Amino acid sequence: MVRTLTGSRIRKARKSDGWTQTALASAAGISPSYLNLIEHNRRAATGDVLTALASALGTTTETLSRDGDSQLISTLHEAAARLPDLTLSPGTLEDLASRNPEMAELLASTFQRLREVEGTVTALSDRLTHDPYLSENVHGMLSTITAIRSSASILHQMHDLTPEQDNRFRRSVHEESLRLSSVAEGLAEYLSRSGVDPDKALTPEETLDRFLTRRNWVFDALDQEAATLADIPRAIARSRLSEVISEMLGDTDDLGPAQTMARDWLDQYASDALTMPLRPFHQSAKDAAWDPPTLARTYQTDLHAVFRRLASLRRSWIDAPAFGLFLTNASGYPLRRQPLPSFALPRHGNACPLWPVFEALSAPTRLISAQLRLEHGEGFTALAVALPRPGATLGQTPDLLSAMLIVSDNDSPFALPASPHRPVGPSCRICAQTDCPARAEASLLA
């Protein structure tokens, strides 16, 4: 049970206003000894007593009893979980928060800052190592330099070229030099923008990711519209939803070249909303104990669609587990990412090879489950399945997409057979796991 810190707030407010315990107790109609117990969080201040104290202090009962205690205790427990060798007696952290709330707040804020720094390291490493724009332009520069060297070498070594051949190679050197200059200027501008504003999205992929993150990957307007279109022909419903998407994107001026990518993402979201209307789907999911195969049969759709819809339930007014989602193609390039706060997902390539999302690629259509544990000790349950890309036609080379639904063990609704947790990380470059047989490169955190 989390102790309330209301008493600590009362004591802080009393001292700030210059009240003595005796004076405040008299104003509130209670004894000084009772107020002393309240201020040390040994007695609860509720009802008329709390109202009288708030009135005397010139504040509100909501201010004195705001619901921040649970979050504080939760953060302290999360921080303690980072130290597996630390053994604490039950109630230790609750006592710390109760008896010394300032120190508890300091520890919690320090831990939160640590998480933010880790997130920054992840983001910077992700950008420097896997940025597709940077990789593509460096590759283009190297290819252009190779072409220039080849033509220049021919001009230097061969003295019997015809005038036509000589002009062709000279023209090639000139054209490739112009191309190299253009690529180099673009790359310099890109790096300059990155240095001025490291938080600015520099690629369409980053722009889309930030667009979705700011909206928590949910779009109530599409869900509400889809609910009203459930009984009309699907073609008409999709046309109406397309109009809603156009209106949404028309009101957004921060997408730029990611506009097309955002429309594709929202088109798929709208299709899922039509197939699985939000409120009925939520009820069906609860009735089915959140089982994806059951939901796929109920709505006559595939598991990837069910995964996406389960991940869209992350809203304050919906009673549902917090699901994360990761979708990749067979090369490992992330196509869709909806991370959990404590389970980072890379934006560009090279995720942990031990994630079941990659294991699923070797057994298409088979639903795979696994229990994972990150280096800070938190456990997760993951479901993964690989399916052919929608729209494939006869004779085409199979193009598999693999999706992974992930949920914290503390929030998991799945009743899976007990099995050892698999140690995993975000990606080799920023993973602190030691002696990992799948490590492909040294960790920056080692």
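The values are calculated or read from the model by the stated rules, or taken from the named source; none is laboratory data. What you see is a predicted model, and the numbers here were worked out from it, not measured in a lab. As a convention, Cβ positions derive from the backbone with ideal geometry for all residues, glycine included, and neighbour counts pool all protein chains shown. Note: accessible area is taken over every heavy atom of the protein model, side chains too, but ligands, DNA and RNA are not part of it. Shrake-Rupley method; radii C 1.70, N 1.55, O 1.52, S 1.80 Å.
Descriptive notes on the structure:
- Scanning the stretch 253-270 for residues that are buried (at least 19 other Cβ atoms within 10 Å of the Cβ) and more than 17 Å from T213 (Cα to Cα) returns a single hit, A270.
- Scope the stretch 267-290; condition touching a residue at least 24 places away in the same chain (Cβ under 8 Å) and part of a loop (DSSP other than H, G, I, E, B); matching residues: M276, P277, A289, W290
Residues checked against (1) modelled with pLDDT of 75 or more; (2) open to solvent by 30 Å² or more (accessible area, probe 1.4 Å):
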{"residue": "L50", "(1), (2)": "yes, no"}
{"residue": "L53", "(1), (2)": "yes, no"}
{"residue": "T59", "(1), (2)": "yes, yes"}
{"residue": "D67", "(1), (2)": "no, yes"}
{"residue": "P90", "(1), (2)": "no, yes"}
{"residue": "R99", "(1), (2)": "no, yes"}
{"residue": "D126", "(1), (2)": "no, no"}
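- Within the stretch 156-169, residues that are open to solvent by 100 Å² or more (accessible area, probe 1.4 Å) have Cβ atoms under 9 Å from residues that are part of a helix (DSSP H, G or I) in these pairs: R168/S151, counting only partners at least 6 apart in sequence or on another chain.
- Selection over the stretch 18-29 of residues that are surrounded by 13 or more Cβ atoms within 10 Å (Cβ to Cβ) and touching a helix residue (DSSP H, G or I) at 6+ places or on another chain (Cβ under 6 Å) gives a count of 5.
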